[in-house]
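The values are calculated or read from the model by the stated rules, or taken from the named source; none is laboratory data. Everything numeric in this text was worked out from a predicted model, so none of it was measured. Cβ placement follows ideal geometry from the backbone for every residue including glycine, while neighbour counts extend to all protein chains displayed.
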Amino acid sequence: MRNSIAFIIVFLLLTSCEEALETPIDTYNVTLLAPANNVVSDETDQTFYWEKLDNATQYQLQVVTPKFDSIVKLIVDTTISANQFTQILEQGSFQWRVKAQNNSTTTSFSQAWNLTIQ
């Protein structure tokens, strides 16, 4: 019984220390890079790319059609550790955005960028 209690206490202390030492990222923004805002393309394979954010361990990418304020279809909603993601899109209008996260905090979503596939 004592060993179990000691293990739980040590586990909680180690977990709490790790989160306490992690740098908060909630005041930062993810910078989107490509495809550029308002780009019109005839390429259906699109690689969404953004700057890495220090202390972020994962990114959540969302792609919708046509816009976030009037979603008809959620195309992508994924969490990945890389700072890029390739998706095949049909013709149409899309918006995409990204937020970063680590074990203790997340950023807000970046401002959504528009993309049109012809």
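A search for C-beta distances below 6 Å between a residue of segment 57-78 that is closer than 18 Å to residue 35 by Cβ and small (Gly, Ala, Ser) and any residue that is modelled with pLDDT under 95 and surrounded by fewer than 18 Cβ atoms within 10 Å (Cβ to Cβ), counting only pairs 6+ apart in sequence or on different chains, returns nothing. Every condition in (1) surrounded by fewer than 16 Cβ atoms within 10 Å (Cβ to Cβ); (2) modelled with pLDDT of 95 or more; (3) part of a loop (DSSP other than H, G, I, E, B) is met by residue 103 except one, and the failing one is (2). Does residue 110 fit the bill of being closer than 23 Å to residue 38 by Cβ, modelled with pLDDT of 95 or more, surrounded by 14 or more Cβ atoms within 10 Å (Cβ to Cβ) and of a type in the set (S, T, N, Q)? Spelling it out, residue 110 is indeed closer than 23 Å to residue 38 by Cβ, modelled with pLDDT of 95 or more, surrounded by 14 or more Cβ atoms within 10 Å (Cβ to Cβ) and of a type in the set (S, T, N, Q). Applying the criterion of being crowded, with 18+ Cβ neighbours inside 10 Å and either under 21 Å from residue 101 (Cβ atoms) or hydroxyl-bearing (Ser, Thr, Tyr) (or both) to the residues of segment 29-59, the residue that is nearest to the chain's Cα centre (by Cα) is 59.
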